[in-house]
1. What number comes out for accessible area per residue over segment 178-278 if the probe is 1.4 Å? Units Å², please.
2. Listed here are the pairs K108/K136; K188/K275; K131/K188; K136/K253; K253/K275; K108/K253; which of them are more than 22 Å apart at the Cα?
3. When the accessible area of segment 214-278 is computed with all protein chains present and a 1.4 Å probe, what percentage of it is carbon and sulfur?
4. How many angstrom lie between the Cα centre of segment 149-225 and the Cα centre of segment 82-148?
5. Which far-off residues, 5 or more places away or on another chain, put their amide H under 5 Å from the one on H219, with H placed in the peptide plane?
Amino acid sequence: MKRSKTDTPSLYKKKRNRLCLFLMLATGLSACGGETETEAVSDEPAAVEADAGSAKTIEWDYENTNWEQISGTECRASVQSPVNINTQEVIEAELADIRYEYEPFPMKIVDNGHTVQVYGTERSFITVEGKRYQFKQFHFHYPSEHTINGERHPLEMHLVHQEEGTSNLAVLAVFIEEANTANPFLEKVFTQIPVQKEEEVQTEVQLTLSDYIPPSQMHYTYIGSLTTPPCTVGVDWIVFREPIQASEEQIAKFSALYANNARPVQPLNNRRVLKTEE
Ligand SMILES: [Zn+2]
């Protein structure tokens, strides 16, 4: 772990230790900390790219999701994502608020053949449990990949972040539900989707990520994987409980491009899902 522990506020440390204890109890991990997580994520640049499906070396699609048969991936591991979250079984925990340092940035967008992806900016970060992650990209899945008590939302947005100086990833998952009015922020993205697949388009449209985040901090968290090959494990998932809204037309616009780009839910095995205190 390159990050100095001395610059971690003591409150975070306390909560981090408590979270660590929870995770050890919940998952059977023998230790918590940077080294363990770093070892778990081996191929960082490919992994970040791959969650958006742009890894050129691995051929895969949503027709056949038996990706565990693809060599060179971690899709066979027992700690995969997405998962179903059974709200009766989640463990309430004292989790620190997520801190956002999101700056407006000009949108660069691509339809990469697996999803619509918007590239990140070097000047946007989140801090989760004392660890600071840089925003890399966001993209969409139709229908939602995570399910709550077996129920899906129409869309799910993934905001992928990478810890500074490590290959550790944290992904914010935001559910999108149908509402009567169009979402102005999604409108900015969906009206700029390039006609040509795999063509990256730099636009002058300014995006502010904080506009996409549900106002409520309430979320679920667990350790899983990327939901696309190479299915790299050791990803910190933060799944917001409160959805944001989109109009029927906006949802239809995305589903016309991708009628199904959701990986089936994976077994939790002996993992536990934590939730913020109510
Ligand atoms: Zn995703």
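The values are calculated or read from the model by the stated rules, or taken from the named source; none is laboratory data. Everything numeric in this text was worked out from a predicted model, so none of it was measured. Protein only, heavy atoms only, side chains kept; ligands, DNA and RNA dropped before computing areas. Shrake-Rupley method; radii C 1.70, N 1.55, O 1.52, S 1.80 Å.
1. For segment 178-278, the solvent-accessible area averages 46 Å² per residue.
2. Pairs exceeding 22 Å: K188/K275; K131/K188; K136/K253; K253/K275.
3. The value for segment 214-278 is 51 percent carbon and sulfur by accessible area.
4. Comparing the Cα centres of segment 149-225 and segment 82-148, I get a distance of 6 Å.
5. R241, T276
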